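Please read the structure below before turning to the comments.
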Amino acid sequence: MMMKLSALPLLALAAACGQNEPANGSAAEVANAAGPAVNAVVPASGPVDDGAVPSVAEIETFRDWSVACDNGKTCEAVSLAPGMANLQDVGMIVRRPAGADGAVSISLRSPSDQAGEVDLVVEGKRIATGTWDGDGMVLLDRDASADVAAAIVDAPSLHLRSGGTDFATISLAGASAALRYMDAQQGRANTPTALVAKGNQPFTAAPPPLPTVVAAPIARGDAASPPAALIAEMRRVSECPADDFGPATEQAHKLSDRDTLVLISCGSGAYNAIAAPFVVTDGKARPAPFDEGYSFGEPGTETRIVNGGWDAETGRLSSAARGRGLGDCGEAREWVWDGARFRLVIAETEGNCRGAVKWLRTWTARVERAAG
């Protein structure tokens, strides 16, 4: 099953109807979202913001494997359930940073309780042994990861064995193509550092630097709740009059002494709770501005926050929209506030609803904080 989040009919959202801010606007009037905030953070010294425009990578699917490389060329591949199956008892993740020092790392994850040692067996031969931690994960060391990566290139499947008995199988159909894609994206093809496409050419590709986002200082303390008239106007503009299930709610979070993030509840389903984000500045509200065109719902609609919210400790706004209740497919974002807009710092996605145990990273930015 291939999931395209922007087309989910349950979450089709009408575009918010922004209106121009009048010169003598009252507290219940919502400003035009296109207008810049007047209190943008421009650090006089210290870290420099690259001003990079997010360019989220696409994921590629090769039979029973998905793969993606973010803007820093760190690549991840994840196994999928084979054929018409929807779930895996155990899934595999292959991760490799770019550059000469980028070593492959392999891990296993299971949605069920696992304990003790597990053998990784390919074509009857034990390739590596790992130990389950308390979170249903096995992380192989560098040498074992390299051995497993080499072994899965030409094999049809990998068996997991405990106490001499096989208890799970991971399909390797498409694994070689996924690793070959990683080689190409990182400039390793035809070099000794490649996982699949090995050759004798020297490896010279350097990893591209990650963009730097300068975030506003983390604001401390509680935010004042907006007046009822302003909340009503935000609901009108966002076309979020009430929740489908449960009471309508509004959450206010302090961004600065002048700015408040307000999350207006905008409906919920079986596994996705939606909110429309606004920024209130000096008593006037506008749909929260973002540095990317991400929307959850119909294309062109305002950004919606799904199953997320504001983390006051880290100063991050998050969204994690599930493609289905199992959580094996979906789209996740994290943003920081720079004083003018929300800036994307992490994006992850998995479009195949086939038991993936991790969503793949498609955008990464470094975060520096402006002086308070």
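Over all other residues within a Cβ to Cβ distance under 11 Å of Pro208, the charged ones net out to 0, with Lys and Arg as +1 and Asp and Glu as -1. Sorting 190-198, 337-345 by their mean Cβ neighbour count within 10 Å, with the most densely packed peptide first, gives 337-345, 190-198. Considering every alpha-carbon pair of segment 49-104, the percent of pairs per 5 Å bin, from zero through the bin containing the longest distance, is 4, 16, 20, 19, 16, 12, 7, 3, 2, 0. Under 5 Å from the amide H of Phe290 lie the amide H atoms of Phe342, each residue being 5 or more positions distant or on a separate chain, with H modelled from the backbone and absent for Pro and chain starts.
Between Ile305, Ala321, Gly355, the Cα set farthest toward the positive side of the dipole of segment 235-372 (charges on each charged residue's Cβ, about the Cα centre) is that of Gly355. Each peptide in 175-187, 67-79, 105-117 was scored by the mean count of other Cβ atoms within 10 Å over its residues; highest first, the order is 67-79, 175-187, 105-117. Couplings 3J(HN,Hα) of segment 284-293, computed from phi: 10, 10, 8, x, 4, x, 10, 8, 9, x Hz, in residue order, whole Hz [Karplus 6.51 cos²θ - 1.76 cosθ + 1.60, θ = phi - 60°; x for Gly and Pro].
Taking a ≥ b ≥ c as the square roots of the eigenvalues of the Cα gyration tensor of segment 215-372, is the shape rounded (a/c under 1.5), prolate (a/b larger than b/c) or oblate?
Numbers: a/c = 2.03, a/b = 1.20, b/c = 1.69.
Cα axes put segment 215-372 in the oblate bin.
Annotation: lysines with alpha-carbon distance below 25 angstrom to Lys358 (same-chain offsets under eight excluded): Lys4, Lys73.
Note on Glu313 and Glu368: the model spin-label points, each 7 Å out from Cα along the C-beta direction, lie 2.6 nm apart.
A simple spin-label model places the labels of Val53 and Ala184 2.6 nm from each other, with each point 7 Å out along Cα-to-Cβ. Residues whose amide H lies under 5 Å from that of Arg316, counting only those 5 or more places away or on a different chain, are Asp311; hydrogens are built 1.01 Å from N in the peptide plane. The local environment of Gly134, defined by Cβ-Cβ distances under 14 Å, has a net charge of -2 under the rule Lys, Arg +1 and Asp, Glu -1. Cross-link reach is defined here as a Cα-Cα straight distance under 26 Å, omitting same-chain residues fewer than 8 places apart; for Lys284 the lysines meeting it are Lys254.
Radius of gyration over Kirkwood radius for segment 60-185, both on Cα atoms: the Rg/Rh ratio is 0.94.
With a Förster radius of 25 Å applied to the C-beta separation of Asp113 and Asp154, the computed FRET efficiency comes to 0.15. Each Lys and Arg adds +1 at its Cβ and each Asp and Glu adds -1 at its Cβ; summed about the Cα centre, segment 60-185 shows a dipole of about 260 debye. In sequence order, segment 198-209 has phi-based couplings of 6, x, 9, 5, x, 8, 10, 6, 9, x, x, x Hz under the Karplus curve 6.51 cos²θ - 1.76 cosθ + 1.60, θ = phi - 60°, and Gly or Pro positions carry x.
Under a Cβ-only charge scheme (Lys and Arg +1, Asp and Glu -1), can you give me the dipole magnitude of segment 132-193 about the Cα centre, in debye to the nearest 20? Let's see the in-between values first.
On the way: 4 positive and 8 negative charges, 48 e Å.
Roughly 220 debye, rounded to the nearest 20.
The Cβ shell under 13 Å around Asp147 holds other residues with a net charge of 0, Lys and Arg each +1, Asp and Glu each -1.
Computed from the coordinates by the stated procedures, all read-outs in this text should not be read as laboratory data. Just so it is clear, the model here is predicted, and its values are computed rather than measured. Glycine also receives a Cβ, built like all others from the backbone with ideal geometry; neighbour counts cover every protein chain displayed.
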